[in-house]
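Quick notes on the structure that follows.
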Amino acid sequence: LPELRQALGPHVACGPCDIRDLPTFFGGKRQRASDYGEHSIEIIAEINHAARLSLDELHALAKQLARDGADIIDLGCTPGQRWSQVADAVKSLVDEDHRVSIDTLDVWEAATACRAGVDLVLSVNSSNRAAAIDWGTPVVVIPDTPGDKKSFSETINFLSRGAVTLRLDPILEPLGCGFTDSLLR
């Protein structure tokens, strides 16, 4: 700011950090909507590598995530390592009134978690879509690889014909690494 004042004169002022404070910068009052803070989306909070944790640790994390605003506790599985206790984990969290999802491409883990009461399976692509027809649980569809519109569409069409409830995740790329293209998808 001193450099700008030196170059442009003493009437340079720095505006607010938050655009919602712009009215106060010009002498007005900050407007706050009566429903500020409410949301109409579901917040899914993932516990990564959930199989590595004890049930007590899972419960503590789930309770904290729910306190922080999570609507669904997502149990993240470890690729290549089947979680033989997935049903126990799901049932125990559901018994504590948590809504639970499972994040796995493993057909056995997903089917077992569905029987135990998960509300959502993340994720389904061409590798596990045939099995998803029998789960009776909504799923999140992803492409086989980021940007693969063909596999994404094929999985959507396959599951739609099977009357599976879908959520779509075209997979957003990081800023500067194809974000705009992935957002357009």
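See the values below:
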| read-out | value |
| --- | --- |
| Relative contact order of the chain, defined on C-alpha pairs under 8 angstrom at six or more residues apart (%) | 12 |
| Partner lysines for Lys63 [C-alpha distance under 29 Å; skip if fewer than 8 residues away on the same chain] | Lys91 |
| Cut-off 20 Å (backbone N to label point 7 Å along Cα→Cβ of Asp71), residues of segment 31-53 | 34-47 |
| Helix 86-95 axis, angle to the chain major axis (alpha carbon atoms, nearest 10°) | 60 |
| Simple spin-label estimate for Asn48 and Arg20 in nanometres, 7 Å along Cα-Cβ | 2.9 |
| Solvent-accessible area per residue for segment 39-178 (1.4 angstrom probe, square angstrom) | 53 |
| Between 0 and 90°, nearest 10: helix 55-67 axis offset from the chain longest Cα axis | 40 |
| For the chain, size of Cβ-based charge dipole, Lys and Arg +1, Asp and Glu -1, in debye | 480 |
| Stokes-Einstein D (µm²/s) once Rh is taken as the Kirkwood radius of the chain over alpha-carbon pairs, at 10 °C in 1.306 mPa s | 81 |
| Gap separating the Cα centres of segment 42-93 and segment 122-185, nearest whole Å | 22 |
| Alpha-carbon spread of segment 59-162, three principal axes, descending order, Å | 41, 26, 26 |
| Using alpha-carbon coordinates, inclination of helix 149-161 to the longest axis of the chain, degrees | 60 |
| Value of relative contact order over segment 96-159, rounded to a whole percent, pairs C-alpha under 8 Å and six or more apart | 28 |
| Highest-fluctuation residue, Cys77, Cys14, Cys114 considered, GNM on the chain with Cα pairs under 10 Å | Cys14 |
| Of the GluC sites (Glu not before Pro) in segment 11-50, those whose Cβ has at most 13 other Cβ within 10 Å and which sit in DSSP loop | Glu38, Glu42 |
| Accessible surface ranking that places the most exposed of Leu166, Leu8 first, with a 1.4 angstrom probe | Leu8, Leu166 |
| Solvent-accessible area, 1.4 Å probe, carbon plus sulfur percent, for the chain | 53 |
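The values are calculated or read from the model by the stated rules, or taken from the named source; none is laboratory data. As the structure is a computational prediction, the values presented were derived from the model and not from experiment. In this analysis, Cβ positions are derived from the backbone assuming ideal geometry, glycine residues included, and neighbour counts consider all displayed protein chains. Surface areas here come from the heavy atoms of the whole protein model, side chains and all, with no ligands, DNA or RNA. Shrake-Rupley method; radii C 1.70, N 1.55, O 1.52, S 1.80 Å.
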